[in-house]
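The values are calculated or read from the model by the stated rules, or taken from the named source; none is laboratory data. Given the structure is predicted, the values throughout are model-derived calculations rather than measurements. When we count neighbours, we look across all protein chains shown, and the Cβ atoms used for this are built from the backbone with ideal geometry, even at glycine. Surface areas here come from the heavy atoms of the whole protein model, side chains and all, with no ligands, DNA or RNA. Shrake-Rupley method; radii C 1.70, N 1.55, O 1.52, S 1.80 Å.
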Amino acid sequence: ARDRLGTLPLYYAETNNLIVFSTKISNILNGYNMKAAIGKDEICEIFGLGPAHTPGKTYFKDVFEVIPGHYLLIQNGKLIDKEYWDLTTYDLDDTLEESILKSKLLLKESLDRQLNTNKRVSSMLSGGLDSTLAFLVVVKAYEILGIDNKNIIGVTMPGFGTTGRTYKNACGLV
């Protein structure tokens, strides 16, 4: 089973009548002499969605991830994916100011936990709203946590909707 929100990755592969699991893809590939192959679907994942990917898939052929909030079950010789938890939403009674303050606190706590072991972060920027906002959030978090922003690595990666203006914005941020 994988944790509910996917804080830690859990990968698996079926090889030589075995199912192998690890929190690192390299352990699966190296430990079981699997070929690190990338197929057509994996290339589409990288260039179509990258750096994101379809839940359950990885960039390597025949290596998959357990989706957050799911577990795998072997039944009648088949691997079955089962969901055990889903995020529920509810209405808030907070004011806008309270919501902003709580969001900042949660973001700070999350980044502090994520950066506990690795102070270097890379961010891929198309120059569009989503990647720019993510990049600026990391910059602000580094400022709040007192971490030198020289440890932030920005890479411009124009996407399908990237215009000359948004590409220039991305380059300006990096």
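Values computed for the structure shown
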| item | result |
| --- | --- |
| Filter result for the condition that a residue is in contact (Cβ under 8 Å) with a residue 60 or more places away in the chain and either closer than 30 Å to Lys35 by Cβ or not hydrophobic (A, V, I, L, M, F, W, C) (or both), over Gly69, Gly154 | Gly69 |
| Only listed residue being modelled with pLDDT of 85 or more and under 26 Å from Ser110 (Cβ atoms), chosen from Lys57, Lys78, Lys82 | Lys57 |
| In region 119-174, the residues that are touching a helix residue (DSSP H, G or I) at 6+ places or on another chain (Cβ under 7 Å), among the aliphatic types (A, V, I, L, M) and within 20 Å of Leu106 (Cβ to Cβ) | Val121, Val137, Val139, Ala141, Ile144, Leu145 |
| Candidate set: region 88-117, residues that are touching a residue at least 12 places away in the same chain (Cβ under 8 Å) and of a type in the set (A, V, I, L, M); chosen: the one most open to solvent (accessible area, probe 1.4 Å) | Leu107 |
| Residues located in region 121-174, provided they are farther than 22 Å from Glu45 by Cβ, open to solvent by 90 Å² or more (accessible area, probe 1.4 Å) and part of a loop (DSSP other than H, G, I, E, B) | Val174 |
| Members of region 122-174 found to be aliphatic (A, V, I, L, M) and modelled with pLDDT under 75, listed by number | Met157, Ala170, Leu173, Val174 |
| Unique residue being over 18 Å from the mean Cα position of the chain (by Cα), of a type in the set (Asp, Glu) and at negative phi when the list is Glu98, Glu65 | Glu98 |
| Region 72-87: number of residues that are open to solvent by 90 Å² or more (accessible area, probe 1.4 Å) and either in contact (Cβ under 8 Å) with a residue 60 or more places away in the chain or closer than 30 Å to Val139 by Cα (or both) | 2 |
| Residues of region 19-33 satisfying the condition of being under 14 Å from Phe60 (Cα atoms) and of a type in the set (A, V, I, L, M) | Ile25, Ile28, Leu29 |
| Residues of region 18-47 that turn out to be within 21 Å of Leu79 (Cβ to Cβ) and open to solvent by 50 Å² or more (accessible area, probe 1.4 Å), as a count | 11 |
| Unmet requirement for Leu133, which otherwise passes all of (1) more than 18 Å from the chain's Cα centre (by Cα); (2) under 24 Å from Leu5 (Cα atoms) | (1) |
